[in-house]
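Here the structure comes first, spelled out in structure tokens, and everything after it is commentary.
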Amino acid sequence: MAKQKYKGEFEEGSAAKAVISLSQLILGPLEAILKAQVHASRSFLNMVLQLGYPHIEVDEEGAPKKNPTEDQQKLYMQEFKYDTKSPTGQVTTSVIKVPALALVPISPLSIDQADFQVDFKVSHVYRHQQLQESEAKKLGKEKGTNYDEYKRPWFLVKDPVSIRGVIAPKASEEVKDDNSNSEESSIKINIKISRQAMPAGIDKLLTSLTQANNNHIVETQTKNN
């Protein structure tokens, strides 16, 4: 069967055969890292809410089944009791209430650094499109000029190109077949995770909650011996 000619459009397939641009190659790992960072941020917020507030049931679409009750809107509070004795023999039991959020270490993690390596075999060179598709309809106003979606007046490099190729396996072309593991390609990614400073909003929230509760955290009960 004759090999199908590449027409410049992306087609899914084996990593050793699907032709992609250098931009797509670099974007793939970067996009995965950014999505992972977004998910990590959502997980951190979810942890804060679970530590701070009771669970609210949701429906199939993720919306609350009903309006939260007053109890579901209240913070989880931790109580600490201790007794003090006056010179007259009276024992006073004090209860200190502190938000649970203020008692646990809360520190978000984020991706501080990411390095990746990949073998890229260049197979095609195309002109590099400079305008996004949504702007293509405006090109009609430029008829009669020397400019189009591939050539713009601000160019410093004449005829910039789009470098395209395949994620090349290490095995040689001669030993490959459709069922061989020699066509497997890999991207080596090293990610460094670091602890980030507390977000300003959560820091102010905890400070406000702690200060607000400090004004009325003590309940006393007096006992006579």
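FYI, it's all coordinate maths here, none of it is from the lab. Note that the structure is predicted; figures quoted are calculated from it, not measured. Here Cβ is always computed from backbone atoms with ideal geometry, including for glycine, and neighbour counts include all displayed protein chains.
Could you check the simple spin-label distance between residue 39 and residue 151, using points 7 Å along Cα→Cβ, in nm with one decimal?
4.6
Starting from the Cα of residue 97, move 7 Å in the Cα-to-Cβ direction to define the label point; list residues of region 63-79 whose amide nitrogen is under 18 Å from there.
69-79
What's the extension gain from residue 46 to residue 193 if we count 0.36 nm per residue and subtract their Cα-Cα distance?
So the chain would gain 51.0 nm between residue 46 and residue 193.
Taking one equal scatterer on every alpha-carbon of region 10-118, how large is log10 of I(q)/I(0) by Debye at q = 0.12, 0.14, 0.24 1/Å?
Treating every Cα as an identical point scatterer, log10 I(q)/I(0) equals -0.75, -0.86, -1.29.
Are any of the pairs 66/204; 7/121; 7/143; 7/138; 81/204 more than 21 Å apart by Cα-Cα distance, and if so, which?
Listed pairs above 21 Å: 66/204; 7/143; 7/138; 81/204.
Residue 159: net charge of surrounding residues, Cβ under 10 Å, Lys/Arg +1, Asp/Glu -1, itself excluded?
+3
Can you give me the distance in nm between label points at residue 203 and residue 125, each placed 7 Å from the Cα along the Cα-to-Cβ direction?
5.2
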